[in-house]
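Data block below; observations after.
No lab work stands behind these numbers, since they all come straight from the coordinates. Keep in mind it's a predicted model, so treat the numbers as computed, not measured. Note that each Cβ is placed from the backbone with ideal geometry, even for glycine, and that neighbours are counted across all protein chains shown.
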Amino acid sequence: MADSPSVPAAVAEPSVEELAPTPPAARGLAGHWDVVLRLGLLGIVIILAAYFAIRTWTGSWPPIFLTTDNIQNIGRQMAVYGVIAVGETFVIITAGIDLSVGSVLGVSGVVAALELLNGWPLIVAIITPLILATAIGLFNGLLIDTQRLPPFIVTLGMLGVLRGVTQLLGSGKEVTFDPTQANASGFLAFAGNTFLGVPNLFWILLAVSVVAGIFLHFTRRGQYIYALGSNLEGARRAGVNIRATTLTVYAISGFLAGVAGIMLTARTSLGDPLAGTGYELDAIAAAVLGGASLFGARGSIAGTFLGVLLVQVLANGIDLIGVQPYWQQVIEGSLLIFVVWVDQWRKRRLAQ
Amino acid sequence: MVAEERTEIAPVLEAHGIFKRYGRVTALNGVEFEAYPREIVALIGDNGAGKSTLIKILSGAIRPDEGTIVLDGQTVEFHTPRDARDAGIETVYQDLALAQDLDVATNLFLGREVVLPGLLGMLEFLNRKAMRTQAAQYLRQLRVTIQNPRQTVDTLSGGQRQSVAVARAVFWGKHILILDEPTAALGVAQSTMVLELIQRVRDQGLTVVFISHNMPHVFEVADRMIVLRHGQRVGTLFPKEASMEQAVSLMTGALGTDSRTA
C-alpha cells in the first residue's frame with residue numbers, strides 16, 4: 001500500500017448502502033451542541049444584561065448597569081476568575097480536575113507581595129510566583145501520571161498544603177507593602193488603569209484566552225489533550241505521549257493560577273493569605289457552564305469565557321439591583337445542573 | 001488458492017514453538033503459526049483455547065516464554081506493541097481504541113497528525129484540511145460510507161466504527177492486520193460491511209489475521225482457518241473444503257484431524 005493513499009483513476013462513487021446512519025435528530029440539536037450551547041449562553045447573558053439595564057434605569061441613559069464604570073468593573077472582576085477558569089478548562093478536558101488552583105492563587109499572590117515588601121525588583125516579584133505556580137502544577141501532574149493517583153485527591157491535598165504554607169509565609173496576616181514604593185507603584189497603577197477604555201487586567205484575560213484558545217484548538221498537543229480525555233488507553237496505543245500531555249495541562253493550570261494571584265495582588269495592593277479560597281469551584285463551574293464535561297474531551301476556551309462572563313454579569317447585576325447576593329448562588333447552581341442535564345440528554349440522543 | 005501452490009510462497013509472518021504460561025496454566029503449548037501474503041487467516045477455537053494470547057504475542061503486547069517470531073524471513077523480537085507496529089503489524093482489539101468524542105479524520109491520524117508547512121508546522125499547528133481530505137479520499141477508496149468526515153465517532157454505527165478502526169490500522173501502509181473479533185458486536189448488515197472491508201483490504205495486498213467465534217463469518221471470508229484447542233494447534237482447515245461441523249468438532253475435541261487427512 002502507498003504511504004499516502006491516492007485515489008485510483010477510476011474510483012467508484014460510494015455505494016448507497018447507508019447502514020444505520022445517524023438519525024436526523026442527532027444531526028440537529030444534539031449534533032451541534034457546542035454551537036448551540038455557546039449561542040444559548042450568549043443569549044442568556046444578553047437577556048440578563050437587558051434585564052439589569054432596565055432594572056437600574058435612572059431616568060437617563062445610560063442605566064447604572066451599562067455605565068462605563070460598571071462595565072469596566074465587570075471586566076476587572078472577570079479577569080481574575082477568567083484566567084483561573086481558562087487554566088482549569090485544560091485540566092477538565094483531560095477528564096482530570098485541579099482543586100488546588102485557588103490555593104496556588106493565594107500562595108502566588110502572597111509571595112509576590114512579600115517580595116515587593118522586601119524591596120525586590122518588580123520583575124522578580126512577578127517571575128518567582130509564576131515559576132512556583134508552574135512547579136506546583138508540574139508536581140501535581142507528576143503525581144497523577146507516574147503514581148496513578150486520582151487527580152481529585154492529589155489536588156485536594158495540595159489545596160490544603162498550599163493554603164497552610166501561605167498562612168505560614170504571611171504569619172497569618174495580610175502582607176501589605178507600601179503602594180508608593182518604587183517597585184510597586186507601576187504595578188498597582190497598571191492594574192487600576194485602562195487601555196482604550198478596557199481595563200488592563202481584562203486585556204490580560206483576553207491575551208491569555210486567545211493564546212490558550214489557539215494552543216488548544218489548533219496545535220497537535222491541544223488535540224492530544226482532547227484525545228486523552230476521550231480515550232486514554234486508545235491515545236496511548238496511538239502513540240500519544242500521555243505523560244507530556246498530563247504534565248502540560250497541570251502546568252498550565254498552575255501557571256495561570258499564579259498569573260491570577262499576581263493580578264489579584266496588583267488589584268488589591270496586598271497579599272491576602274485567604275485570597276482565592278473557593279475559586280477552584282468557580283473555575284470548574286464556569287468551565288462546565290461553558291460546555292466542558294468532567295468526563296473529558298469536551299469544552300472550549302470560548303465556552304469557558306462565556307461561562308465566566310455569565311457568572312460575573314449575574315453577580316454584578318444582582319448586587320446593583322439590591323437583591324440578596326445569595327440568589328446568585330441559587331441561580332448559578334441551578335444553571336450548572338441544567339447545563340449538565342442537557343449535556344447528558346445530548347449524549348443519550350447520540351447513542352441512539 | 002490450493003495448498004500445493006501455497007507451498008511455493010513463503011509466509012509473511014510465522015511463529016514457531018510458542019509457549020506461554022501463567023503460573024500453572026499453560027495458555028500456549030508449543031504453537032506453530034503462519035500467515036501468507038494476500039491471505040485472510042482465521043484463528044478459531046473455543047474460549048480459553050489461546051487465540052487472544054497468541055495474537056497478543058504477535059502484536060507485541062505480551063512476550064512468549066519460549067518460541068520465535070519470524071517476519072518476512074527475519075527473526076524478530078517485540079518488546080512493546082510499538083515494535084510490532086513499526087515492523088508493520090497493526091492490531092485492532094475489540095475495544096477499537098477510538099476516541100469517541102473526536103471526529104473520524106482526527107482518529108485516523110491520531111498520533112501521526114499532518115502539520116502545516118513552514119514555521120507553523122514547527123510549532124505543530126495542525127493541517128486539518130489536509131487530514132480531512134486524505135481521510136475522505138481514503139475512506140471512499142475503501143468504500144467505507146461515512147456521511148460526514150467531521151462526524152464524531154460516537155455518532156457512527158457499530159459497523160462504521162469498526163470500519164474506521166480497521167481503516168486506521170490499514171491507513172499507515174502496514175502489511176499485516178490483526179483483528180480481534182471484528183464482528184462480535186455487530187448486526188447482520190453491519191457485519192457485512194466489515195467483512196467486505198476485510199476482503200477489500202486483502203485484495204489490496206495485505207495479510208489479515210482475525211479471531212472470531214462466528215463460524216458463518218469465518219467461512220464467508222477466511223482463506224484458511226487455524227484451529228486452537230487448550231493452547232495447542234489441532235488443525236488447519238480450508239473453508240472451501242471443510243464444513244462448519246468439522247471446524248466445531250476440532251475446536252471442541254470431537255475430531256482429531258484436519259481437512260487434509262479426513
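A few notes on this one:
- Burial ranking of peptide ranges A:247-253, A:227-233, A:334-340 (average Cβ count within 10 Å, highest at the top): A:247-253, A:227-233, A:334-340
- Over the range B:1-124, Cα pairs under 8 Å with separation of 6+ residues give a relative contact order of 21 percent.
- Cleavage-rule hits (trypsin sites (Lys or Arg not before Pro)) in the range B:155-262: DSSP loop, at most 16 neighbouring Cβ within 10 angstrom: B:Lys240, B:Arg260
- For the range B:120-262, the relative contact order comes to 16 percent (Cα pairs under 8 Å, sequence separation of at least 6).
- Its Cα gyration tensor gives the range B:129-192 an equivalent ellipsoid. The semi-axes, each the square root of 5 times an eigenvalue, are 19, 16, 9 Å from largest down.
- Farthest positive-ward along chain B dipole, Cα basis, beta-carbon charges - from B:Ile198, B:Phe19, B:Ser249: B:Ile198
- Under 15 Å from the A:Thr58 label point (7 Å along Cα→beta-carbon), backbone N, the range A:317-336: A:320-322
- Ordered by the number of other Cβ atoms lying within 10 Å of each residue's own Cβ, fewest first, B:Phe109, A:Phe195 fall into the sequence A:Phe195, B:Phe109.
- Taken over the range A:88-229, the convex hull of the Cα atoms encloses 122 Å³ per residue.
- For chain A, fraction of C-alpha pairs farther apart than 40 Å, in %: 19 percent
- Å³ per residue enclosed by the Cα convex hull of chain B: 142 Å³
- Under the Debye formula (equal points on every Cα, no solvent term), log10 I(q)/I(0) of the range A:279-318 at q = 0.31 Å⁻¹: -0.99
- Given 14 as the ceiling on other Cβ atoms within 10 Å, longest exposed-site-free region of chain A for trypsin sites (Lys or Arg not before Pro) in DSSP loops: A:174-352
- Quarter of Cα convex hull surface for the protein assembly as shown, i.e. mean projection, nm²: 34.4 nm²
- Sites matching chymotrypsin sites (Phe, Trp or Tyr not before Pro) across the range B:124-203 that sit in DSSP coil, with at most 16 neighbouring C-beta atoms within 10 Å: B:Trp172
- Radius, Kirkwood style, for the range B:138-262 when every pair of distinct Cα atoms is counted (Å): 15.7 Å
- Sorted ascending by nearby beta carbons within 10 Å, beginning with the fewest, A:Phe152, A:Phe52 become A:Phe152, A:Phe52.
- Distance between the range B:148-190 and the range A:106-131 - C-alpha centres, whole angstrom: 54 Å
- Phi-based couplings in Hz for the range A:288-296 (Karplus 6.51, -1.76, 1.60; Gly and Pro marked x): 5, 4, x, x, 6, 10, 5, 7, x
- Aspartates and glutamates whose Cα lies under 18 Å from that of B:Lys20, excluding same-chain neighbours fewer than 8 positions away: B:Glu32, B:Glu34, B:Asp46, B:Asp65, B:Glu66, B:Glu77
- Qualifying GluC sites (Glu not before Pro) for the range B:23-90 [loop in DSSP, other Cβ within 10 Å: at most 14]: B:Glu77
- For the residue pairs B:Lys51/B:Lys240; A:Lys347/B:Lys174; B:Lys129/B:Lys174, the C-alpha atoms sit more than 28 angstrom apart in A:Lys347/B:Lys174.
- Computed over the alpha-carbon atoms, the range B:1-121 gives an Rg to Rh ratio of 1.06, Rh here being the Kirkwood radius from the mean inverse distance.
- R0 of 41 Å, Cβ-Cβ distance B:Ile9-B:Met122: FRET efficiency to nearest 0.05: 0.35
- Put the Cα centre of the range A:183-240 next to the Cα centre of the range B:30-105 and the gap is 41 Å.
- Stretchable slack from A:Trp120 to A:Trp327, in nm (0.36 nm times residue separation minus alpha-carbon distance): 70.2 nm
- The alpha carbon centroids of the range A:61-75 and the range A:259-303 are separated by 23 Å.
- Chain A - mean residue ellipticity at 222 nm from DSSP helices (-39,500 (n - 2.57) per run, n ≥ 4, rounded to 500): -23500 deg cm²/dmol
- Tilt relative to chain A, helix A:326-350 - C-alpha long axis, 0 to 90 degrees, to 10: 10 degrees
- Each residue in B:Tyr36, A:Tyr51, B:Tyr22 was given a count of other beta-carbon atoms within 10 angstrom of its own, and listing them fewest first yields B:Tyr22, A:Tyr51, B:Tyr36.
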